[in-house]
Amino acid sequence: MNPLMSKPWAALLGRRLVQVLAVSLLIGTLCFLMVRALPGDLAMRVAAGRYGYDLVSNAAADAVRAELGLDRPGWLALLHWWRDMATFNLGQSLVSQRSVWHEVTHHLGATLRLSAAALAIAFAVGVPLGVWAGLRPGGWVDKASWLMAVVLRALPPFLLSVLLILLVAVQWGFLPAGGDESQASLVLPALTLGLGLAAGLARVTRAAMREVVVSPFFEFARTKGLSDWQALVRHGLRNAAVPVTAYLGVQALFLVEGALVVETLFAWPGIGHALVHAVFGRDIPVVQGTALCMGVLFVVFNLLVDAACLALDPRHTQKVAK
């Protein structure tokens, strides 16, 4: 790698590493404080969730209190929690008795599959529509993509999920309504996330294409005898890809937040689904571990987007270095 190019890459990795550490510390501390702030006897609720409300006793609650360190002063318990995070020790699940790392990695794989499928749908739908609308502004494709963007961006993920379940799974019976028993179970949750992302992606791609089409280098390419599509493939796609890729970084939060709702509605065993079940089951270590994982996943996704922008356009290094 060129030494001049290695500096922006080092700056990018350094900034994202600092962000990972800051996000982990912030989310871990907030999780700790929110768990401590819950009303009532937390040890009794955890013991009831573990042994059942009919079998819970003061002795069981005392055992849970000692296990979770709830009998320590708050500042001391927070220091122990920071130490555990620094040593990657997230404890054990109170429900399954397995390590939180095992639970997180198991569910993380399902979330990554869902996110990859949603991104594939967004690219397959949004990018071609945006390119066509950018080359033919005011045409029916441009108007149709604008209407799709308005409708899909206005629909919250949970409402789009319900509509797809009722129409595709219940009314037509084409696909399963939930679970992960087959590859077909991935289609509906991926469509829910992918279509919402594709709507905005189409408009961003359209705007990027308009900038390319009216640029001097594109006009020069056409004066050499190249058609619009030839000039686009040879000179335009790379320039238009940078703002489109940067937009995906902004929409990373859409995937993280959407996964929380969509995975729960479709019973998809991802990080969001695990977090909701951990909250209802008072599984405090899993709540903390999954929240940390979702925060770090957001930073890592932005790292990948910035790296893609650097690879597409070296001029992006000036923005990264700032």
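The values are calculated or read from the model by the stated rules, or taken from the named source; none is laboratory data. Since the model is a prediction, treat every value here as computed from it, not as a measurement. When we count neighbours, we look across all protein chains shown, and the Cβ atoms used for this are built from the backbone with ideal geometry, even at glycine. What goes into the accessible areas is simple: the full protein's heavy atoms, side chains included, and nothing from ligands, DNA or RNA. Shrake-Rupley method; radii C 1.70, N 1.55, O 1.52, S 1.80 Å.
Note on residue 242: accessible area is roughly 20 Å² with a 1.4 Å probe, heavy atoms of protein only.
Within region 124-181, the ratio Rg/Rh, alpha carbon atoms throughout and Rh by Kirkwood, equals 1.13.
Kirkwood hydrodynamic radius of region 172-295, from the reciprocal of the average inverse Cα-Cα distance over all distinct pairs: 17.5 Å.
Karplus-based coupling profile of region 93-110, in residue order and whole Hz: 5, 6, 9, 8, 6, 9, 5, 5, 4, 5, 5, 5, 5, 5, 6, 5, x, 5, with θ = phi - 60° in 6.51 cos²θ - 1.76 cosθ + 1.60 and x standing for Gly or Pro.
Only DSSP H runs of four or more residues enter the estimate; each adds -39500 (n - 2.57), and after division by the residues of the chain the mean residue ellipticity at 222 nm equals -24500 deg cm²/dmol. Placing a label point 7 Å from the Cα of residue 229 along the Cα-to-Cβ line, the residues of region 115-135 whose backbone N sits under 15 Å from it are 128-129, 131-133, 135. As an equivalent ellipsoid, the chain spans semi-axes of 45, 26, 13 angstrom, where each value is the square root of five times an eigenvalue of the C-alpha gyration tensor, largest first.
For the peptides 283-289, 175-181, 106-112, residues were scored by their other Cβ atoms within 10 Å and the scores averaged per peptide; the highest-first order is 283-289, 106-112, 175-181. With every protein chain in place and a 1.4 angstrom probe, the accessible-area ranking of 67, 263, largest first, reads 67, 263.
Spacing of the modelled spin labels on residue 96 and residue 146, each 7 Å from Cα toward Cβ, amounts to 4.9 nm. Highest average first, the peptides 93-103, 193-203 ordered by how many other beta carbon atoms sit within 10 Å of their residues are 193-203, 93-103. Phi angles across region 126-134 convert, under the Karplus curve 6.51 cos²θ - 1.76 cosθ + 1.60 with θ = phi - 60°, into 3J(HN,Hα) values of x, 5, x, 5, x, 5, 5, 5, x Hz, Gly and Pro given as x. Tell me, what is the FRET efficiency for residue 84 and residue 26 to the nearest 0.05, using R0 = 22 angstrom and their Cβ-Cβ distance as r? It comes to 0.90. Between residue 163 and residue 71, the modelled label-to-label distance comes to 5.6 nm, taking each label 7 Å out from Cα in the direction of the beta carbon.
Close amide H partners of residue 92, meaning residues 5 or more places away or on another chain with modelled amide H under 5 Å apart, are 100. Packing, as the average of other Cβ atoms within 10 Å across residues, places the peptides 290-297, 182-189 in the order 290-297, 182-189, highest first.
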